1. Where does region 44-85 land on Rg/Rh, using Cα atoms and the Kirkwood Rh?
2. Just rank T81, T90, fewest to most, by other beta-carbon atoms within 10 angstrom.
3. Extension gain R49-I85, at 0.36 nm per residue separation less the Cα-Cα distance, in nm?
4. Please list, or write none, the lysines whose alpha carbon is within less than 25 Å of the alpha carbon of K119, excluding same-chain residues fewer than 8 places away.
5. Listing K122, K143 from the residue with the fewest other Cβ atoms within 10 Å to the one with the most, what is the order?
6. Please give the residues of region 171-192, grouped as numeric ranges, whose backbone N is less than 16 Å from a label point set 7 Å along the Cα-to-Cβ vector of M73.
7. May I ask for the net charge around E107, where only other residues with Cβ less than 13 Å from the Cβ of E107 are counted and Lys, Arg are +1 while Asp, Glu are -1?
8. If every alpha-carbon in region 46-200 counts as one equal scatterer, what log10 I(q)/I(0) does Debye give at q = 0.11, 0.19 1/Å?
Amino acid sequence: MKHKMNRTTGFVMGALVVFGLTFSPVPTIAQQTAGQQPDPLESLPVKDREIVVAFQERVKDYTKMREAIELKMPKLAKESTPEQIQAHKTELEKRVREARAGAKRGELFTPGIAAFIRKTIKSEYKGRELVELREAVLEADTKGVPLRVNYTYPESKELVEMPPTLLLKLPQLPKQVRYRFVGRNMLLVDRENGLIVDYMLNALP
């Protein structure tokens, strides 16, 4: 990932690299006072920010629905057996699938957020970095994973994690949901029950 920098900035960063130090932007005074990290949304154009926020709200609506369903189920005891845990997972998956019986592709990954994600990946990965990302994704054992909303991500298939640097640029997700690559496509997968919440095609250039 390459960024333009002026001579002074380039010299300072080069010195930091020589001495084995890492460089990160200095938070504003207000952020330092509040003890918070800079909000990645603040650097986005207004239109992109609105698209990202709307997407995050759609994902939150899914997680709220899923949490409400799970609250109505018998709670697992601390000493639950693996069989009981699996039964709980299967029942949760069944109930969530029934609640989303009419769900279709693109309800969360709308054209706007899909275009934003494609643009983000394309701008962050170029040259050798893009080649390495493609190799890691395309060589993973994900053949046979269904590109179907409300279907289950097979437990026998590899889970392709997002590179940390890319995760920092993508819209942040609640802990219940994860991005997954399947070939060049990107899925939203429920981390607890393995349900494919939505997917978008050709996320990876």
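1. For region 44-85, the value is 1.33.
2. T81, T90
3. Length difference between fully extended and current span is 9.1 nm.
4. Cross-link targets: K2, K4, K47, K60, K104, K169, K175.
5. K143, K122
6. Of the residues in region 171-192, 176-177, 190-192 have backbone N under 16 Å from the label point off M73.
7. Neighbour charge sum, excluding E107 itself: +1.
8. Summing over Cα pairs of region 46-200 leads to -0.47, -1.25.
Read the figures in this text as sums done on the coordinates, not as results from a lab. What you see is a predicted model, and the numbers here were worked out from it, not measured in a lab. Positions of Cβ are generated from backbone atoms using ideal geometry, with glycine treated the same way; all protein chains shown enter the neighbour counts.
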